[in-house]
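Student: Got a structure for you, questions after.
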Amino acid sequence: MKKTFVSAVMMAALCLTGCGNAGKTVNLMGEWKIVSVEGEDVNSKEEPYLGFDLNEGRLYGNAGCNQIMASVTVDTVKHGLTLSKVGATRRMCPDMKLENHVLAALEKVAGYQATAVGVELTDANGNVLFSLEKNEQAELTVNDLNGEWFITTVEGKKVEKVEKTPFLAFNVAESTVHGTGGCNVFNGGYTQEKGKATSFAFGNLASTRMAGPGMEQEDVIFAALGKVRSFDKKAENTIVLLDENQKEVVVLTKNTGKSLSE
C-alpha cells in the first residue's frame, strides 16, 4: 500500500500516550477487532470490528450483523473522541443481542486510551466501553479490484449521474475492464509492473462515440484514467486510483447491488 504523509497536527489527533503505558502510542486509523463490549467478551463468527478514517472524519464497521457508520471528531488536547450520526443498515439476523449492545455502547463513546495490546474506547467518566485490537490488513492485490465500482470522484470533484451511471467493472481472470463515463461505453484491458502488486495502468480503451449530456465530465474521467499508475484501499469498499506521483485521481466505491452492466 502507499505510505501517506501525516502532519504533526494530524499525528497529535491520531496518537496518545496512555498513563499506564508510558511511551505507548496508538494510531486510530485503520480497522480494529472488537474484543469486548462493556466488559463482556465478544465470541462471534461474524467478527465485529470498527474502522476509523480520520482523514474523512468517519467511522465504519460491522456490529455483528449490520454495517455501521458514524461521523468522528477528535479532541487533540483531552484525547476525546465524539461519534455523531451513528447509524446502521437494517438487515435482520437470528441473534441481535451483540449488535444492539455494540450500537448502544457507541452512543456513549467520549474518549480513547492506549493499552498494552491495542486501544480502549471510554465514556465521559472514563469507563471502558470497547476493548479493541488492530486488524492486520493483508497486502492489496489486483484481485481486490474484481467486480463493479461506481466512479464517485475524479480529480477531487464528485461525479454526477447523467444518462448512465459512471462505473468501472474489472474482470481479473481475463485482465479486462468495462464501463461507462456516463454516456459512452468502453472496453479494454490493463497492465501491471512485474513484482508490484498495486501497480496498475489502463490499456487502450475502445469507446463508442455517441454525443450526449455529460460529455465534459466524461472527458475528464477518460483523461484521469489515462494517468492511473497504481491503486490503494482508502476505506471499506473504497479504492483510490493514483497517478505516477501517488496523487489521488479517481475514487471508486464498490457496487454491492444490482449489476450496472445489465
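The values are calculated or read from the model by the stated rules, or taken from the named source; none is laboratory data. As the structure is a prediction and not an experimental result, all values here were calculated from the model. For neighbour counting, all protein chains shown are included, and Cβ atoms are generated from backbone atoms with ideal geometry for every residue, glycine included. Quick note on the areas: whole protein, heavy atoms, side chains included, nothing else; ligands and nucleic acids left out. Shrake-Rupley method; radii C 1.70, N 1.55, O 1.52, S 1.80 Å.
Student: Any residue in region 198-216 that is within 15 Å of residue 167 (Cα to Cα) and at pLDDT below 85 sitting within a Cβ distance under 6 Å of a residue that is of a type in the set (Val, Ile, Thr) and not in a strand (DSSP E or B)? List the pairs, counting only those 6 or more apart or interchain.
Tutor: 214/162
Student: Then there is this: May I ask you to list the residues in region 234-260 that are among the aliphatic types (A, V, I, L, M) and outside any loop (DSSP other than H, G, I, E, B)?
Tutor: At the first step, the residues of region 234-260 found to be among the aliphatic types (A, V, I, L, M) are 235, 239-242, 249-252, 260.
Across region 234-260, the qualifying residues are 235, 239, 240, 241, 242, 249, 250, 251, 252.
Student: Counting just the residues of region 134-153 that are of a type in the set (D, E, K, R) and either assigned to a helix (DSSP H, G or I) or at pLDDT 95 or above (or both), which one comes out farthest from the chain's Cα centre (by Cα)?
Tutor: That would be 148.
Student: Something else: Filter region 115-141 for residues that are in contact (Cβ under 8 Å) with a residue 60 or more places away in the chain and of a type in the set (Ser, Thr, Tyr) and give the result.
Tutor: 115, 131
Student: Filter region 82-124 down to the residues that are assigned to a strand (DSSP E or B) and of a type in the set (A, V, I, L, M), then identify the one that is nearest to residue 40 (Cα to Cα). Walk me through how you get there before you give the answer.
Tutor: To start, the set of residues in region 82-124 that are assigned to a strand (DSSP E or B) comprises 82-88, 111-114, 119-122.
If we keep only those that are of a type in the set (A, V, I, L, M) too, we end up with 83, 86, 88, 114, 119, 121.
Details: 83: 21, 86: 21, 88: 21, 114: 19, 119: 16, 121: 14 Å.
Selected residue: 121.
Student: Here is a further query. Among the residues of region 210-222, is there at least one that is more than 23 Å from residue 58 (Cα to Cα) and of a type in the set (Phe, Trp, Tyr)?
Tutor: Let us first name the residues in region 210-222 that are more than 23 Å from residue 58 (Cα to Cα), namely 210-222.
Those still in the list that are of a type in the set (Phe, Trp, Tyr) too: 222.
Yes, there is a match, as at least one residue in region 210-222 is more than 23 Å from residue 58 (Cα to Cα) and of a type in the set (Phe, Trp, Tyr).
Student: Sort out which residues of region 56-81 are outside any strand (DSSP E or B), farther than 16 Å from residue 237 by Cα and free of Cβ contacts under 8 Å to residues at least 40 places away in the same chain, and write them in order of number.
Tutor: Taking region 56-81 and keeping what is outside any strand (DSSP E or B), we get 56-57, 63-66, 76-79.
Those still in the list that are farther than 16 Å from residue 237 by Cα too: 57, 63-65, 76-79.
Residues satisfying the conditions are 57, 64, 65, 77, 78.
Student: Further, regarding this structure: Kindly indicate the residue of region 34-48 that is surrounded by fewer than 20 Cβ atoms within 10 Å (Cβ to Cβ) and touching a Phe, Trp or Tyr at 6+ places or on another chain (Cβ under 9 Å) and also farthest from residue 115 (Cα to Cα) among those meeting that condition. Break it down stepwise before answering.
Tutor: Taking region 34-48 first, the residues surrounded by fewer than 20 Cβ atoms within 10 Å (Cβ to Cβ) are 35-36, 38-47.
This time we only want the ones that are touching a Phe, Trp or Tyr at 6+ places or on another chain (Cβ under 9 Å), so: 35-36, 38.
On the way: 35: 13, 36: 13, 38: 15 Å.
So the residue we want is 38.
Student: Being touching a Lys or Arg at 6+ places or on another chain (Cβ under 9 Å), open to solvent by 70 Å² or more (accessible area, probe 1.4 Å) and not charged (D, E, K, R), is that true of even one residue in region 229-244?
Tutor: Looking for residues that are touching a Lys or Arg at 6+ places or on another chain (Cβ under 9 Å), open to solvent by 70 Å² or more (accessible area, probe 1.4 Å) and not charged (D, E, K, R), one finds at least one in region 229-244, hence yes.
Student: Please work out if residue 155 is over 16 Å from residue 239 (Cα atoms) and either acidic (Asp, Glu) or open to solvent by less than 70 Å² (accessible area, probe 1.4 Å) (or both).
Tutor: It is false that residue 155 is over 16 Å from residue 239 (Cα atoms) and either acidic (Asp, Glu) or open to solvent by less than 70 Å² (accessible area, probe 1.4 Å) (or both).
Student: Would you point out the residue of region 191-225, among those that are farther than 19 Å from residue 247 by Cβ and assigned to a strand (DSSP E or B), that is least open to solvent (accessible area, probe 1.4 Å)?
Tutor: Applying the filter and picking the extreme gives 207.
Student: Can you tell me which residue is surrounded by the most Cβ atoms within 10 Å (Cβ to Cβ) among those in region 161-182 that are out of contact with any strand residue (DSSP E or B) (no Cβ under 6 Å at 6 or more places or on another chain) and part of a strand (DSSP E or B)?
Tutor: 180
Student: With the condition kept exactly as written, say whether any residue in region 191-198 is among the charged types (D, E, K, R) and under 30 Å from residue 54 (Cα atoms).
Tutor: Yes, there is a match, as at least one residue in region 191-198 is among the charged types (D, E, K, R) and under 30 Å from residue 54 (Cα atoms).
Student: Have a look at 105, 124, 88 and point out the one that is at pLDDT 90 or above, farther than 30 Å from residue 219 by Cβ and either surrounded by 15 or more Cβ atoms within 10 Å (Cβ to Cβ) or touching a helix residue (DSSP H, G or I) at 6+ places or on another chain (Cβ under 8 Å) (or both).
Tutor: Result: 105 is the single residue among 105, 124, 88 that is at pLDDT 90 or above, farther than 30 Å from residue 219 by Cβ and either surrounded by 15 or more Cβ atoms within 10 Å (Cβ to Cβ) or touching a helix residue (DSSP H, G or I) at 6+ places or on another chain (Cβ under 8 Å) (or both).
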